[in-house]
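I have placed the structure first, in the form of structure tokens, so that the comments after it can refer back to it.
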Amino acid sequence: GVSVAILLVGELDVGVQDPDALLRNLCGFDVYISSYSEYEALASQLAKPEQILLTPRNLVPCHPTGVMLQWWHLDRLLKHKRFRHQLEKYDVIIKLRADLIFHAPLTHAGLEDIPNGCFQMNSDHSFYARRATFFEALDDFYATLMTKYAYQAETYFDLNWENLKQSCNNTLPPSKMPVADRYELSRYRHIRRDIQVPLQWLVYPVSIYDRNVQTLAANIQTISGKPDMSQGITNKGMGNTVFSSEKFFLLHVINKFPVCRNKLPVIGVSQRRSDLSFASKRSACKKNEN
């Protein structure tokens, strides 16, 4: 069968869910973690000691916005010599958030037929690919976001339009919503399916952009070679203005690989227990700077 590594990076806050739900869903998978020292108890239940990197929060480098930190943690796993050597042995690598809600058990089903050279994502909440594709897509992402993408919310970046056209064909229209019950849906803080949300946040030529995602996708299909730039650009400043993680993650991946439909049993993340703990985490960097 296919060998699979699960990566958990950054915060391990599970939201309003029972932490046992995460343990149950990841049971049977090899889990690798880069997180903060206060999550040691949960991390030790999820992964073997030699598969865990924990850092005291006050020793983590300060970033212009906290949304960059998940990518710092992921980069640590990918660049750490011992961890990289371990990850090289897997067929498929999956990155998950700890607060994802699983609407069905996570199994190896469907992971055997992942095509080479195609990337699966529900925005930046969950994503996976064949090992070589995963590494090629993400080995330089953290360095690029720090040197190229930060503070560029209104900048137009060239796109691999053929990959984007193929990605729209692969993922739109979306498959039937797997969760329909109103109570179940109320448990979600954010829902993300494939590329729908970040697709609408990219900066586009005026000749291509439309607020309706299906019309936007149809306009993208009309591009042959380079798009008409004569009318300028639009849709500037969507997402976090310092660094829009979802938008630039899609941009970075699309310029290397087309995106295929995400088949993992997740569509979004849990409501938070309290915003108070997150406020204290955001302030930790400022305290460390003083």
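Relative to the Cα centre, the charge distribution of the stretch 14-73, modelled as +1 at Lys and Arg Cβ and -1 at Asp and Glu Cβ, gives a dipole magnitude of about 120 debye.
Computed from the Kirkwood radius of its Cα pairs, the Stokes-Einstein diffusion coefficient for the chain at 10 °C and 1.306 mPa s stands at 80 µm²/s.
Please compute the net charge surrounding MET238, taking Lys and Arg as +1 and Asp and Glu as -1 over other residues with Cβ under 12 Å from its Cβ.
Residues near MET238 contribute +1 overall.
Taking 0.36 nm per residue of separation and subtracting the Cα-Cα distance, what length does fully extending CYS27 through LYS236 add?
Length gained between CYS27 and LYS236: 71.0 nm.
FRET efficiency for the pair ASN160 and CYS62, taken as 1/(1 + (r/R0)^6) with r the Cβ-Cβ distance and R0 = 30 Å, rounds to 0.35. Taking 0.36 nm per residue of sequence separation and removing the Cα-Cα distance, the GLU112/SER207 pair yields an extension gain of 30.2 nm.
With a cut-off of at most 12 other beta carbons within 10 Å, and DSSP calling the residue loop, which GluC sites (Glu not before Pro) in the stretch 149-211 qualify? Please list them.
Values: sites: GLU154, GLU162, GLU184; in loops: GLU154.
Filter output for the stretch 149-211: GLU154.
Under a model in which nothing but the beta-carbon of Lys, Arg (+1) and Asp, Glu (-1) is charged, the chain shows a dipole of about 260 debye around its Cα centre. For the chain, with all protein chains in place and a probe radius of 1.4 Å, 50% of the accessible heavy-atom surface sits on carbon or sulfur.
The loop-placed trypsin sites (Lys or Arg not before Pro) in the stretch 66-96, going by DSSP, that have at most 12 neighbouring Cβ atoms within 10 Å of their Cβ come out as LYS89.
Per residue, how much accessible surface does the stretch 192-246 expose to a 1.4 Å probe? Answer in Å², no decimals.
Result: 46 Å² per residue.
Once both labels are positioned 7 Å from their Cα atoms along Cα-to-Cβ, the gap between VAL179 and VAL2 label points is 2.3 nm.
Hey, which of these cross-link pairs are over 32 Å Cα-Cα: LYS89/LYS176; LYS81/LYS263; LYS89/LYS247; LYS148/LYS176?
With Cα atoms farther than 32 Å apart: LYS89/LYS176; LYS148/LYS176.
The values are calculated or read from the model by the stated rules, or taken from the named source; none is laboratory data. Note that this is a predicted model, so its numbers are computed, not measured. FYI the Cβ positions are ideal-geometry reconstructions off the backbone, even for glycines, and counts take in every protein chain you see. Surface accessibility is based on the protein's heavy atoms, side chains included, excluding ligands, DNA and RNA. Shrake-Rupley method; radii C 1.70, N 1.55, O 1.52, S 1.80 Å.
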